[in-house]
Structures are given as C-alpha cells and as structure tokens.
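Here the structure is laid out as structure tokens; the discussion comes afterwards.
The values are calculated or read from the model by the stated rules, or taken from the named source; none is laboratory data. Predicted model, so just to flag it, every value in this text is computed and none were measured. Backbone-built Cβ (ideal geometry, glycine too); neighbour counts: all protein chains shown.
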Amino acid sequence: MLFRKLIPPCCFRHLICNFKANFVRTLVSEVPTCTSTSATWSASSKTHDWNRAVLDGEKLVGHPTTFFSLRCLLSEEFTSVAMNLRRLVGTDHPILKTAKRLVYHGRTNMQTRGLVVLLLSKAAGHTSSCTDINSVGEAGVTTRQQTLAEITEMIHTAHLIHKGILNISPTVVPDENSREDLQLGNKISILSGDYLLANACKGLADLRNCKVVDLISKAIADFMQAEFLGEYDRNGNPLPVKGMNLSTWEEKSVLNAGSLLANSCKSTLELAGFDEELQAKAFKFGENVGLAWQVYSELLPFVDSLSYPAGSKFDLTSIPVIFHLEKNQSKVESLRQEINDNVSGFDYKRSLKVLGSP
C-alpha cells in the first residue's frame, strides 16, 4: 500500500520513541536563560518558511484548509455575534486576540490540523474495502475525509474560544463598567464556541460512522479533562506545583494538544478502510505532532522577543519553566506567593527575575 511505502512502521516507531524526554530537552536546551535580554528570534523568516510549507501542503490536497473555521464563523447566523465584537475593543478580552489570529494569521499552527489530516489521508490512500472510493477527488481525498478535516478545525477553534472565558467576579474586576464589558465578551465566547461545536457535531453525524463519532467525542472529552489537571489561580491561570516534571506535562498536553489530532488521524484511516494496526500508528503520529506543536508554542514567549516583549504573559507550567524548576523546587513557593499577592495583575516580568535568580 502507498501508506506503507511513504510512512513505513519503522518511521512511526522512530518518531514515537524520539519525541520523549531527549527530544523535548534538546529543544528547551536551545532556549536562552530566563534573564537574557539579548535573545533574538528571526520570526519573520520562520513565519515565511512556515507559510510556504502550509501553502505547498494546501496545493497537494487541493483545499485552503487554513480558513475552514472562518467559513463557518462568517455565516449569516454568526453575523450578529460578530457585530458585538466591536463593543469589546479596548477591554483586552481574550476573544479579540483569538478573532484577530483567525482573520489575519490564517496560515499558522493555529489552523493547520485539518491540513495534517488531509495530507495523511492523501499519503495513506484507500483500501479496496473503502465505501467512499467513488467520491475520491483529484487530490486523492474523499468527501468524508474533507468533512472530517473541517470538523477538526472547528473543534480546535471552539476550544480556543472557550479557553478565553474570564473570571469576572467583583473581587477580580472591581470596576462595574469593565465587568459588564467583560461579561459581554464571555457571552460571545460561549455562544461562538458552542456554535462551532454544534456545527462540528452535525458534521460528525453526516459522516455516518459510529467509530469516528466516538473517537472525536473522546477528543472533546479530553479537552475538558485537561482543565481539571493541576492547580489554577482565581483568574484561571495554571499554577506551578512542586514535583512538576516531563511526565505530568505530557499527561496534560496529550489531553489538551495531542488528543484531537491523534483521534482525527485515526479517524481518517478508519474512513479509508485501513485496519486497526495502521490506525494505531496514525494515532501516535497525530499525538506526537500535536505535542511538538505544544512544545513550540510554549517556547515562543522565551525566544520570540518581537511577538512577546518583556513582561508578556507566559504559562508558568510550560515545559521551559518545568525544566528550570526541576532543579530549583524552592522557587515554586516564591512564584505561588507572588501570584497570591497580585490577584489583579500578575507581574510576569518580575516572575522572570524570580526564575532567573540563583
């Protein structure tokens, strides 16, 4: 089969084994120390290379996958919600940043999961038992596989929007006017995310494959489960805890970043009629690609000084912080105390000094 020739099992085993501790630690070892102010990152050239790669991938599959979820958001039903986004300008609500990234930065790793699904579909081909063999397009992808890729993007975008919901209790946001604006932002986030999920569920039903429905439903459930791992402050930001290590990071990141792509890759081979063995390898492939994306996104605040100037927010449970705190457990309490003392606004610039101090 074409799939075995292009992506033989030994390559999958190599990818799976080497992604573990050595791969992650190698990436993080190239990150400058937290206190370094001279770190530079050729963001423009990296973005250009990435955009070119995504564009080439879209040509291979014959679909502009980076705007899958945008087409849904620009529907007539969503127009009234989009109009209310104007009222949020100046409130610094997370949904504004998410919307901006969707509109102005389509070809980023924010919207390329559907492309990975389609590329894997094209590489794998189809078995003689595939029920959609008559609907295979010129790019070698069936209509149902295209729908699955679109569903993957919609679910991922809905998850990003829902994660932007803020805690706006009076103790956190004492100003009543600001609180009302942020409440509107939360309502828009909930409705927008639910709208995308509803469309995704409808698309899943149209696939008429119970196994695929179960797999994608499992991915949505994993998103929710990831939110209950670890500790959070009253603003919903993850808190560092003693004993954090690569295993705890991977446990959460698999649920939060790897599960959707893993189950989508497995699902597309199910639709193509492949056996369980190859589906399992596709699952591990998608899971590891998702984890690699997660590592990359967590590195950016420390290496991309253009997009993340000094004082920018970063995850205190990200992989660079975890590796730093593994040998400096005493700093965990210092960070937690700093967070408790600054409920209204945590000073991330100061936290870098805490992390970088001896």
Among all residue pairs at least 6 apart or on different chains, which show Cβ distances below 7 Å where the first residue, located in the stretch 194-209, is modelled with pLDDT under 90 and the second is hydroxyl-bearing (Ser, Thr, Tyr)? 196/69; 196/157
Among helices (runs of 4 or more DSSP H) entirely within the stretch 209-328, at least 1 residues that are within 23 Å of residue 164 (Cβ to Cβ) and within 14 Å of the chain's Cα centre (by Cα) occur in 210-226, 246-253, 259-271, 276-303
Of the residues that make up the stretch 245-256, is at least one under 17 Å from residue 348 (Cα atoms), acidic (Asp, Glu) and in contact (Cβ under 8 Å) with a residue 40 or more places away in the chain? no
Would you point out the residue of the stretch 161-183, among those that are within 11 Å of residue 95 (Cα to Cα) and either at pLDDT below 85 or part of a helix (DSSP H, G or I) (or both), that is farthest from the chain's Cα centre (by Cα)? 182
Take the residues of the stretch 107-131 that are among the hydrophobic types (A, V, I, L, M, F, W, C) and modelled with pLDDT under 80: which is nearest to the chain's Cα centre (by Cα)? 110
Going by the structure shown, is residue 271 within 26 Å of residue 220 (Cα to Cα) and at pLDDT below 90? no
Name the single residue, out of those in the stretch 311-339 being touching a Phe, Trp or Tyr at 6+ places or on another chain (Cβ under 9 Å) and more than 20 Å from residue 250 (Cα to Cα), that is modelled with the lowest pLDDT. 311
